[in-house]
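Undergrad: This is the structure I want to talk about, given as structure tokens.
The values are calculated or read from the model by the stated rules, or taken from the named source; none is laboratory data. Everything numeric here is computed off the predicted structure, so don't read it as measured data. FYI the Cβ positions are ideal-geometry reconstructions off the backbone, even for glycines, and counts take in every protein chain you see.
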Amino acid sequence: MIKIMADSTCDLSDEVLAKYDISMAPLTINIEGKVYKDRIDIQPDEFYGMLEALPEFPTTGMPSPEEFLKIIKKAVEAGNKEILCICMSSGTSGSYQSAVLAKDYFFEENPESNVKIHIVDSKCMSHGSGWLVLKSAKMREQGASFEELVAFNENYKKKVKHYLSVADLDHLIKSGRLTNASAIIGKILMLKPIMSMKDGKGAIVGKERGLKRVLKHYTEEFVKRNNKEMTDFIIIGYTSDIKVAENLKTKIQLDTDFSGDIYIMQMGVSVGTHVGLGAISMFFVEK
């Protein structure tokens, strides 16, 4: 049996997590001195409903090694002999290092164990790592071996294409993801930055004026970059406005020849802390 686990920034829906028996180690969110576990103590809609009124900017923290270790122990007790853990990029969080420590602790406590554990530094964020997690679960369902899952993740993790645009630049500034100069220019020109991942960190790869042009940018880039052999599904992410996500899904269906599944999933609290309300994202595998 192969167990698949991740941290909560994978942002997969509860339905997908339950269907494929995927476990998550939660990140923490500090809101006005109170610490919450992502999607355990606080849910996305609850958080987005209070976000704009908060006097202090929330901060996030990585899952503790103990959170990962609890999942590993439970998986082993359930009879799993192979465990695949897919974490957010080590370039943006200590989640990967925390999972590696949990693995080390497990074998220190169980030196004779023959359980196989592989920790993936996904080099991805949000539904980017979520894409790898879901793809791994689908491959496991189709009979892939543990070694095949490990090889897939290590070979394709840098090929998961991220696109993210936000409604308000302030959250990216406060979280250090964008400079004040870039934000001021963007606000004056009414430009929406489009971000992707480069070398495991967020980077601005384009700017568009208005939401319609952002969605057009996403669709055109998908047509140019999509790896048709590997992309059997797309994930569209949103924070607070599902209608925008639905509009993007419709545009992809109308303007491209893609015929696979298109999942719409909400970004969780830890990711939403940094991108704010009105964010829209898209994930697939590029050539």
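Undergrad: Give all pairs with beta carbons closer than 6 Å in which a residue from region 134-153 that is under 11 Å from residue 118 (Cα atoms) meets a residue that is of a type in the set (Asp, Glu) and buried (at least 17 other Cβ atoms within 10 Å of the Cβ); count only pairs at least 6 apart in sequence or on separate chains.
TA: Taking only residues 6 or more apart or on different chains, the pairs are 146/82.
Undergrad: Please give the number of the condition residue 51 fails out of (1) at pLDDT 95 or above; (2) hydrophobic (A, V, I, L, M, F, W, C); (3) within 21 Å of residue 265 (Cβ to Cβ).
TA: Among (1) at pLDDT 95 or above; (2) hydrophobic (A, V, I, L, M, F, W, C); (3) within 21 Å of residue 265 (Cβ to Cβ), the lone unmet condition for residue 51 is (1).
Undergrad: Another one. Just one of (1) at pLDDT 80 or above; (2) assigned by TED's automatic domain parsing to the domain that holds residue 232 trips up residue 143, so point out which.
TA: Condition not satisfied by residue 143: (2).
Undergrad: Shifting gears a bit: Report yes if residue 82 is acidic (Asp, Glu) and either surrounded by fewer than 18 Cβ atoms within 10 Å (Cβ to Cβ) or under 18 Å from the mean Cα position of the chain (by Cα) (or both), otherwise no.
TA: no
Undergrad: Next question. Within region 1-39, which residues are touching a residue at least 24 places away in the same chain (Cβ under 8 Å) and among the small types (Gly, Ala, Ser)?
TA: Result: 6, 8, 13, 23, 25.
Undergrad: For residue 100, indicate whether it is in the same structural domain as residue 245 (by TED's automatic domain parsing) and buried (at least 16 other Cβ atoms within 10 Å of the Cβ).
TA: no
Undergrad: Quick test for you: out of 240, 196, 175, pick the one residue that is modelled with pLDDT under 75, among the hydroxyl-bearing types (Ser, Thr, Tyr) and surrounded by 16 or more Cβ atoms within 10 Å (Cβ to Cβ).
TA: The match here is 175.
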